[in-house]
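Trainee: Got a structure for you, written out below as structure tokens; questions coming shortly.
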Amino acid sequence: ASAPCALDENSISGDTFLGAFYKFTRPHTIRGTMLAAFAGVVKAIGDAGGLQKCWSWGLVPRALAGLIALLCGNAFIVGINQLYDVDVDQINKPFLPIAAGELSPKRAKLILTACALIGPSVVFALYPPLIVSLYLFG
């Protein structure tokens, strides 16, 4: 039996749209986004006096929507880079889906448009102006 391998963008086939989309979002970069978001939540809970004082099940959908907004923002950032660095990526990172020809620039632009619309829309709809500003600032 072969040893299990870690699931990463190099082990996913870009032969399907979902595979190319997964690689396009550069999942390893999302780890940092998730860690930063988690650290911010832990800090806020601590500042509020602990979990018992600030927990509400009603916050869960809002938190999940915020996570979607963060993932859209992350995908937008890494996607813009791939779209404009195709020539460099064909040499240095030929496994990326646009450079490898697994995802067309047209489809990449559609994904970027969706991320640019969904992420900020979620944040504008659910969060106060400070959070909106921080989200849009990057």
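Trainee: Inspect region 62-72 for any residue being surrounded by fewer than 12 Cβ atoms within 10 Å (Cβ to Cβ), without any contact (Cβ under 8 Å) to a residue 12 or more places away in the chain and either under 25 Å from GLY19 (Cβ atoms) or β-branched (Val, Ile, Thr) (or both) and give the result as yes or no.
Mentor: Yes, region 62-72 contains a residue that is surrounded by fewer than 12 Cβ atoms within 10 Å (Cβ to Cβ), without any contact (Cβ under 8 Å) to a residue 12 or more places away in the chain and either under 25 Å from GLY19 (Cβ atoms) or β-branched (Val, Ile, Thr) (or both).
Trainee: Scan VAL78, VAL86 and give me the residue that is in contact with a helix residue (DSSP H, G or I) (Cβ under 7 Å, 6 or more places away or on another chain) and not polar (S, T, N, Q). Quick ask: steps written out before the conclusion?
Mentor: Values: VAL86 fails: in contact with a helix residue (DSSP H, G or I) (Cβ under 7 Å, 6 or more places away or on another chain).
None of the other options fit; the residue is VAL78.
Trainee: Taking region 83-103, which residues are part of a loop (DSSP other than H, G, I, E, B) and either farther than 21 Å from LEU18 by Cα or of a type outside the set (A, V, I, L, M, F, W, C) (or both)?
Mentor: ASP85, LYS93, PRO94, PRO97, GLY101, GLU102
Trainee: Next up: Which residue is modelled with the highest pLDDT, if the candidates are limited to region 119-138 and must be under 21 Å from HIS28 (Cα atoms) and assigned to a helix (DSSP H, G or I)?
Mentor: The residue in question is GLY119.
Trainee: What pairs come out if I take residues in region 36-61 that are closer than 25 Å to GLY73 by Cβ and charged (D, E, K, R) and pair them with residues that are assigned to a loop (DSSP other than H, G, I, E, B) and open to solvent by less than 60 Å² (accessible area, probe 1.4 Å) whose C-beta lies under 6 Å away, six or more apart or interchain?
Mentor: Listed by first residue and then by second, the contacts come to nothing, as the list is empty.
Trainee: Next question, about the same structure. List pairs: first in region 106-131 and more than 10 Å from CYS72 (Cα to Cα), second among the polar types (S, T, N, Q) and at pLDDT 95 or above, Cβ under 9 Å, 6+ apart or cross-chain?
Mentor: Close Cβ pairs satisfying both conditions: ALA108/GLN82.
The values are calculated or read from the model by the stated rules, or taken from the named source; none is laboratory data. The structure displayed is predicted, hence computed values, not measured ones. Note that we place each Cβ from the backbone using ideal geometry, even for glycine, and neighbour counts take in every protein chain shown. Side chains are part of the model used for accessible areas, which takes the heavy atoms of the whole protein and leaves out ligands, DNA and RNA. Shrake-Rupley method; radii C 1.70, N 1.55, O 1.52, S 1.80 Å.
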